[in-house]
Structure formats: structure tokens, C-alpha cells
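Structure, as C-alpha cells:
The values are calculated or read from the model by the stated rules, or taken from the named source; none is laboratory data. In this text, all values refer to a predicted model and were calculated from it rather than measured experimentally. Reconstructed Cβ throughout: ideal geometry from the backbone, glycine too, with neighbour counts over all protein chains shown.
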């Protein structure tokens, strides 16, 4: 139980550090910012106008139009292309001078031709030296299609008004399904986010011992490697537990609904153990902060993938195997699903297996003086030695 | 055979780092209450030997028995018997001196009701009581070394291992540290690795000279010094060397060896009796003359040469 001494002192010294406290509270302010952004996003989704996630192309490319009958120009979207009305000759001159990217000519007799069920010929002139021409071409094609459909519908209505489709008046109640899913997934992701905010603390705790050479003294203490690794890891897991609890409280106080908060908290908390386990493997192997930083990026991309991919799979086809990720389980709880107790064993089992493997590797690495003090064997050789496929190299 | 009077017995230790052999069949015995100095050039294997004794490193082969306990079987027990002070006083920078000692006391399992008293006593011993509430990162190297000594003593260990404790310190601080070590002598078994021969000469009961991972000579400082030819070394600086005269002085009965170093003769004598006669041989050619008794420096250089 001497690991608890390391945990206690690591926690004590960390919580006393002004630098740490600044970072800790900055993380909370990031949460507030995310809540604000999400609420704005949700408000936009729910509004009649909706939300545009495409950047405006207004002014990006200009198109001259000679459309005496105002047949084409009323369908073109001015938010995408800047439309200017010029005569045929002026437009051609402007095109040659590079003052416009394209020119559309709609013959004056087009409306007459439509009435006589004839074909209209719209001509598009493009400046091929201008790379923006493809935007003009796409927009003209889509406008022409919209215009054609609209004319066809008007014609059908004019000859058989009784066939007009009855209108349905929609009255919206409750939260829209996509927004519901987005909200639940966002809360779940926010709750899991603190798991990835303290990796550097773990790296500093282990790699720092190597870089500052304090590890030599620690290893001379009457402690096993297991006690050192577990003691240091539990300190970081403890910090994560505090941060998750704070984040959860803030989410609840700001009006987000969290069903079974204690159960959700426990699921997030136990996930911190293997995530920190993976971080310790990286820290135990790394010689310095730089190496650990690279490893941490890779490790966290892997961890996020392991959490997110099954959750996304569950959202699309609700397969049982996707419950392997605690994130899936949290999304299900937040969605108010009735989950059989045995299904909780799936993420729990996964968390236990990953934790045991990660901590076993970390302990084995930290036990090896060549990994701690050097010269460190290559990654492949080290892996083979760890699984017993190769014997540790000795000169004698 | 393990004697009850023995505290540490290093037996056929081998250790390599990649292609570098750090220890090559190291055998060493240290008695209870003894202060053993280990001297040797850089890379001789001193630090590796003491790191293995402290159970920080594992040997490739061989064993060390500490008070009868094997480093392979009882590393935790052995660690609790040892107070280790590494070459660099690497301490947790953000800790206050008192907190640091408290932390290590808890790790060593010092009973909680004894910790405060023990800390006060040690801070007093190393002269750091007034700085107890200051952070380690405000201390100079000398002050860190003092706290390092207090940390190594916090659990009142039977064995103390000091690796270059005065390295890089000013003469006054070095003397202070030597004084601490002298105070501890007799009460505890101490291994002192040092580059400073005068330090080893002053403090150690026995000195082991290490080179290339093995002990090449060992004994009390006096024994080692007596192995150097003669009791007295006569240094004669001449205008130029004089081989016929050198041949002549080799015939004196008190002369044991004659070495040259540039235009200087280094003559080892087993008595002072014939010094005047020797000087007469070089009459008129001597620029300077001095005599000195052999030191551990001479022993060390001589051992490394051979």
C-alpha cells in the first residue's frame, strides 16, 4: 500500500502548484466556451433560418447576365455569385478584358418559346484562363435545372390545377432527433474530454524523473516498481476524477440533462484508468519529453479512436459489439435507454483488459534498467523481449 | 563463506551497457562499521557498483549479499537498509526542504510519530534548520547536497553510500560534508566513491582502487602508500638531464627507483640518509629540489599505469 504515499504527495504538490491550478481552471473556462458555442449552434439549428456551415462565396466570382425576360436571373443565388446585368456586347468585352469570369446570354424570345413548348438555348461564355470558371459553370448548370423544374411545375399546374399536391401544415414539438443525438453525443464527449487533458502531467511525473535524474533516488527507495507506477498513475487519475466531477456539475448547472449521473461518472472514471495506463507505457518507454510528446499524440489518437469508433457504429446500427467503448454506454444512458446490467460487463471487461495490459507493460519497462538508464534496446527487440520471444541481451 | 562481521559482499559481479563492460568480475568485501573508499578514473565502474549495491541496477551476473541478504532475493529489504546519496543532488525542485524529508521518511516507513523529530535532528545536523521552509529550487548545489545527506539519513540506515559527495563544491562546503561523514564513521558502514585522493586518505579505513570494472588494488591508505617505492620521493629539477649521473645514483643503497619527467628526476628513496650524497652527484646542475612523502595520488597513478 506504499503506492498511496506517492499518490498522496504527488496530489498534494500538484494541487499546491499555481501553474497547475491556472491550467486546471483554464480547462474549466474552455468548457464554458464550448457550452456557449454549442448553445449558439443549437439555437441556429432550431431556428427557421437554420445554420449554414458553408462559407459565403459572395464576391468570389462574377457573372454577367443578358436576360431581357428575367427568366434566368431570378433563380440564380446572389450569395454565391455576384451577378451583373450587362448587354451582350458589353459582357463579351468585359469577359475579354478579364473583368468578369463568365457571361450568360438568355435569348429575349425564351418565354415565347416556352409557351410554344419549344427549346430555349442559353449560352454560357467562360474565361478559361480563370480557375474560378468551374464555380460559375456549376452554378449556371444548377440554376438552369432549378429554372427548368420550376417552369415544368408551373406548366403542369396551369393545365391541371386539381393535381396540385395538398399542403401539410407542420407543427413542431420537442427536440429534433438530430439535435437530440448531437446533444447526447456532445455531453458524452465533453465528459470524456478531461481524460485527455492530463497526459502531460503523467509524462512529467515519469519522464521528469528520468530527465531530472530524481528517478535514481526513487528507485533506491524500498518500493517495488509496481508501487511507483501505480502510485504516480493514481495521482493523475485522481486529478481527472476531480475535473470530471466539476465538468459534470457545470453541465448539470447549465441546464444539460444527465440521466443517472453517478453511473455516467463511474463509467468515465474507470475509463481514465486505461487511458492513463497507455500514457504510462509511453512515459516509461520514452527517454525525454520530446519523444514522449510524439508517443502521446499517437497514443491519444488511438485511444480516442477506440472510444469514438464503436460509439459512431452504435449510432448507425446499434450493434452489440460497439458497447465495448464506455462512450457508447454513456451515450446510451444519456439517451434514456433501458440497458440490461450484463451489457455493462462489455465495456467494463474491455477497460480491465486494456488496463492490465498497459500497466503490466509499464511496470516491465520501468523495471528494466536499460530502459530507465540506457542504452535502451530498439522497440521491436524490446517488444519481443517483453513477450518472451527473445532473451534479454547480455554481453557475458 | 559469509562472515557475520561482513556487511557487504560483492561476488563476481559483471555488468555491461551495450558493448561497454562496466563491471568485470568485481569482488569486494566491506566490514560492518567500516568506511571504504572506492577510487578510480572516470568510467572505472564505481557508480555502477554502488548502484547495483543500492538495488537500482541489476547485475548481468553475480550477486551482492548485504547483511546476508541477496540483492536478487531481498531488494526491498536491502533498500531499506541503505541511505544512498548520488553524485548529483537530484531532488524534487518544487518541494520545500521539510516536505521533501517528510516524503522520503514516509517512503522509508519511518513511524509517523518519529518523523518530525527526526527531520529536526537532521536539519540541525546539516545546518539547514533556518531553510526548512524554503523550496529546493532556491538552494545552491552545496545546500542541496546537505539536504541530500539528510535525506539519505532520514531512516537511520545501517549503510550509507555516497557517490562523489563533494564533487563540484567549494572547499568550505566540501570540508563541511567531509565533517558530516567523519561524524558518521564507526556508527555506520559507509561506501565513499570519490575522485579526491586526499578525501579518501583523510576519511577511509580502507581504499579500493577500481579500473575497467575491477578492483586493481585495495588496502588501508598507509598500506597502499607503502607499496609505492620508498618512503620519500626526491624531485630534482636540472638544467638538462644527466644520464651518467643518473646511473651513478642508482648505485646508492637507499635509492629504489629513478624516473625522469622532462628535465626532472623523480627518485624514490627508502631513507633520508643519503640525500646529501645524491645532491652532491648533481652538484652545480640543480635548478630546484624538493622532497615529499607518497600520497594516494601517487598510488592511484602508479596503479593505473601498471
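When B:106, B:124 are screened for being assigned to a helix (DSSP H, G or I), within 13 Å of chain A (Cβ to nearest Cβ) and free of Cβ contacts under 8 Å to residues at least 12 places away in the same chain, only B:106 passes.
Scanning segment A:3-50 for residues that are outside any helix (DSSP H, G or I) and modelled with pLDDT of 85 or more yields one hit, A:17.
For segment B:153-260, the helices (runs of 4 or more DSSP H) that sit wholly inside it and include 1 or more residues that are closer than 30 Å to residue B:59 by Cα and out of contact with any helix residue (DSSP H, G or I) (no Cβ under 7 Å at 6 or more places or on another chain) are B:171-184.
Among the conditions (1) assigned to a helix (DSSP H, G or I); (2) out of contact with any helix residue (DSSP H, G or I) (no Cβ under 6 Å at 6 or more places or on another chain); (3) within 28 Å of residue B:210 (Cβ to Cβ), residue B:117 misses just one, which is (3). Of the helices (runs of 4 or more DSSP H) lying entirely inside segment A:333-396, those containing at least 3 residues that are on the phi < 0 side of the Ramachandran plot, surrounded by fewer than 18 Cβ atoms within 10 Å (Cβ to Cβ) and at pLDDT 95 or above are A:345-367. For residue B:41, the criteria (1) in contact with a helix residue (DSSP H, G or I) (Cβ under 7 Å, 6 or more places away or on another chain); (2) more than 20 Å from residue B:145 (Cα to Cα); (3) modelled with pLDDT under 95; (4) within 10 Å of chain A (Cβ to nearest Cβ) hold in every case but one, which is (4).
Has segment A:336-343 got at least one residue that is more than 14 Å from chain B (Cβ to nearest Cβ) and touching a helix residue (DSSP H, G or I) at 6+ places or on another chain (Cβ under 8 Å)? There is at least one residue in segment A:336-343 that is more than 14 Å from chain B (Cβ to nearest Cβ) and touching a helix residue (DSSP H, G or I) at 6+ places or on another chain (Cβ under 8 Å). When restricted to residues that are within 34 Å of the chain's Cα centre (by Cα), over 19 Å from residue B:252 (Cβ atoms) and modelled with pLDDT of 80 or more, segment B:269-306 contains 1.
For residue B:212, the requirement of being at pLDDT 85 or above, surrounded by 14 or more Cβ atoms within 10 Å (Cβ to Cβ) and assigned by TED's automatic domain parsing to the domain that holds residue B:21 is met.
Could you please find all residues in segment B:61-88 being part of a loop (DSSP other than H, G, I, E, B) and surrounded by fewer than 22 Cβ atoms within 10 Å (Cβ to Cβ)? Spell out the reasoning first.
Keep residues of segment B:61-88 that are part of a loop (DSSP other than H, G, I, E, B), which gives B:67-68, B:71-74, B:86-88.
B:67, B:68, B:72, B:73, B:74, B:87, B:88, listed by residue number.
Taken together, the residues in segment B:69-82 that are touching a helix residue (DSSP H, G or I) at 6+ places or on another chain (Cβ under 8 Å) and either more than 9 Å from chain A (Cβ to nearest Cβ) or without any contact (Cβ under 8 Å) to a residue 12 or more places away in the chain (or both) amount to 2.
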